[in-house]
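Notes for the one structure printed next.
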Amino acid sequence: MNRVITISRQFGSGGRTIGKKVANQTDNKMATMPVQKLMLSMGIPMILSMMLQAVYNIVDSAFVSNIPGVGEVALNALTLAFPVQMLMVAISIGTGVGANALLSKSLGQGDAKKASLTAGNAVFLATIIYLVFMIFGFFGVNAYIQSQSQNEVVIEMATDYLRICCTLSFGIVYFSIFEKVLQATGRSLYSTIAQVAGAIVNIVLDPILIYGWLGLPEMGVKGAAIATVVGQCVSFLCALLFHIRYNTEIKNKPEYLRPNRRIIGGIYAIGLPAIIAQALMSFMTYFLNIIFVKIGENVVTAYGLYYKIQQFILFAAFGLRDAITPIVSFNYGMRSRERVRDGIKYGILYTLMIMLAGFLLLEIFANPLAAMFGLTGETESLCISAIRIISISYLFAGANIALQGIFQALDSGLESLIISVCRQLLFVLPVAWGFTRMVIHGFSYTGVIWITFPIAEILSVVVALIFMRRVNNRKIKAL
């Protein structure tokens, strides 16, 4: 019935409205460019953007780990702060992903007003997100850090770092929204330029503020935090200017900032699974810190450092996923079965290629990568074993990441959510706990704990493929 009503409304005005929609779509590369080429033209800037986002944490860790005398302690402090930073990014980007898909679908349907409402409500939601993390930065940081460590030096450093990142988090929160809005309109190049600008500022400021160059005081981890938030603010301001200048199909009127329950519900119907998927990474890291510290703080440090290194690969896959979602969503809204299937095919293929390249890169350069961070011998050895063992899971992880983006685009958020729970909680924490108990009770090879991650990805991809078959039969074949 709903489908019949929609069609009758489209044709009920003598053909004028539908003619305008078709004209708009033929002007939009999302509707006309060959999907293989479209995936690359949108995906490459998004991949670079996400990889540069990973640079923030890697660069901070590289400089902090080489602070004379306390480098490894400082690196441990950043590891404890990292889950909250991931949670902040998860909620911001997840909201952006929901706005991205809803906005793309609205443009695909020719509904410019709904697209403008979506962008405006996304900005409103970003304001709420920032206020929540600002309050946490003032009142919750110390208790959170103390739940993971009893080392007073680590607690002080981690609290200083995280408090700055939370109370001044408006840059990363608003940038995450405008980045996704630019990507939804096919202008991902500009979001990448904004990301590059912020990354460069962060890299330049890090050594100046951490080590006290150019006559400035040596600030240590506080300097790393300030460099990070300044870089994020630069990215936000650039993205905002690009949005105002180039997203001409989106109107930036104050009335569109007023919260609309229907629009917010639509954003989170798509974005909530993405938020939970990213947030589960935060919770997984937090609980793994608690599990692994039973073996020793050096295990937590090694895992935290590996996690930041692997983000360079995983975020590349996330970047391509963020191209898959609007492409498939736009053409799903346009009801083009052939283009939806092409989006799925090339999305999975390119993601697997990225993860294969990442696997080879980490296997070849495991030793020099670990050596960059000034670790002690045992911690460095643990980091190298993590790189070599966990990277085995990358091909399976790539399939899971691509399929999650496809599920989000096809309004199958529950399936995406279940895959996230499987690969980041259900098949991880119990297995990690079991391997940790083996090591505590005398198993000679500590690196056995890293086998947790290949096991989790393999089991999760089996579940994902079952879901994909069901979604294909229920939704794609019906187009």
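Fully extending the segment from Met353 to Ser381, taken as 0.36 nm per residue of separation minus the present Cα-Cα distance, adds 7.2 nm. For Gln146 and Thr32, the difference between the fully extended length at 0.36 nm per residue and the C-alpha to C-alpha distance is 35.6 nm.
Were the residues from Val153 through Arg470 laid out at 0.36 nm apart, the gain over their Cα-Cα distance would be 108.9 nm. Membrane-span-like helices of the chain, defined as complete DSSP H segments with a Cα extent of 20 Å or more along the helix axis and a mean Kyte hydropathy of at least -1.0, are identified as 35-64, 71-108, 112-139, 152-167, 170-184, 188-211, 221-246, 261-292, 297-333, 337-371, 394-409, 452-471.
Counting only C-alpha contacts under 8 Å and six or more residues apart, can you give the relative contact order of the chain as a whole percent? Result for the chain is 22 percent. Where does the longest stretch of the chain lie that holds no GluC sites (Glu not before Pro) found in a DSSP loop with 16 or fewer other Cβ atoms within 10 Å? After excluding every exposed loop site, the longest remaining stretch is 250-479. Accessible surface computed residue by residue for the chain, with neighbouring protein chains in place and a 1.4 Å probe, gives 40 Å² per residue. For the stretch 390-453, the spread of Cα positions along the three principal axes, ordered from largest to smallest, is 48, 20, 7 Å. The accessible surface of the chain, taken with every protein chain in place and a 1.4 Å probe, is 67 percent carbon and sulfur. Helix-only arithmetic for the chain: the sum of -39500 (n - 2.57) across DSSP H runs with n ≥ 4, divided by the residue total, places the mean residue ellipticity at 222 nm at -27500 deg cm²/dmol.
Please work out whether the stretch 163-203 counts as rounded, prolate or oblate from its C-alpha gyration tensor, where a ≥ b ≥ c are the square roots of the eigenvalues and a/c under 1.5 means rounded, while otherwise a/b larger than b/c means prolate and anything else oblate? Oblate. FRET efficiency for the pair Val132 and Val204, taken as 1/(1 + (r/R0)^6) with r the Cβ-Cβ distance and R0 = 45 Å, rounds to 0.90. Decide, for the stretch 100-183, between rounded, prolate and oblate: order the square roots of the alpha carbon gyration tensor eigenvalues as a ≥ b ≥ c, take rounded if a/c falls under 1.5, and otherwise choose prolate if a/b is larger than b/c, else oblate. Prolate. Dipole orientation for the chain: of the candidates Phe82, Leu361, Leu425, Leu425 has the Cα lying most toward the positive pole (charges on Cβ; Lys, Arg +1; Asp, Glu -1). Normalised by residue count, the chain yields a Cα convex hull volume of 136 Å³ per residue.
The modelled label-to-label distance between Glu249 and Met438, using points 7 Å beyond Cα along the C-beta direction, is 5.3 nm. Of the trypsin sites (Lys or Arg not before Pro) found in the stretch 311-409, the ones in coil according to DSSP and having at most 13 other Cβ atoms within 10 Å of their Cβ are Arg335. The modelled label-to-label distance for the pair Met372/Trp213, using points 7 Å beyond Cα in the direction of Cβ, is 1.6 nm.
The values are calculated or read from the model by the stated rules, or taken from the named source; none is laboratory data. Remember, predicted model here, so these are calculated numbers, not experimental data. Here the Cβ is made from the backbone with ideal geometry for all residues, glycine too, and neighbour counts use every protein chain on show. All accessible areas refer to the heavy atoms of the entire protein, side chains included, with ligands and DNA or RNA removed. Shrake-Rupley method; radii C 1.70, N 1.55, O 1.52, S 1.80 Å.
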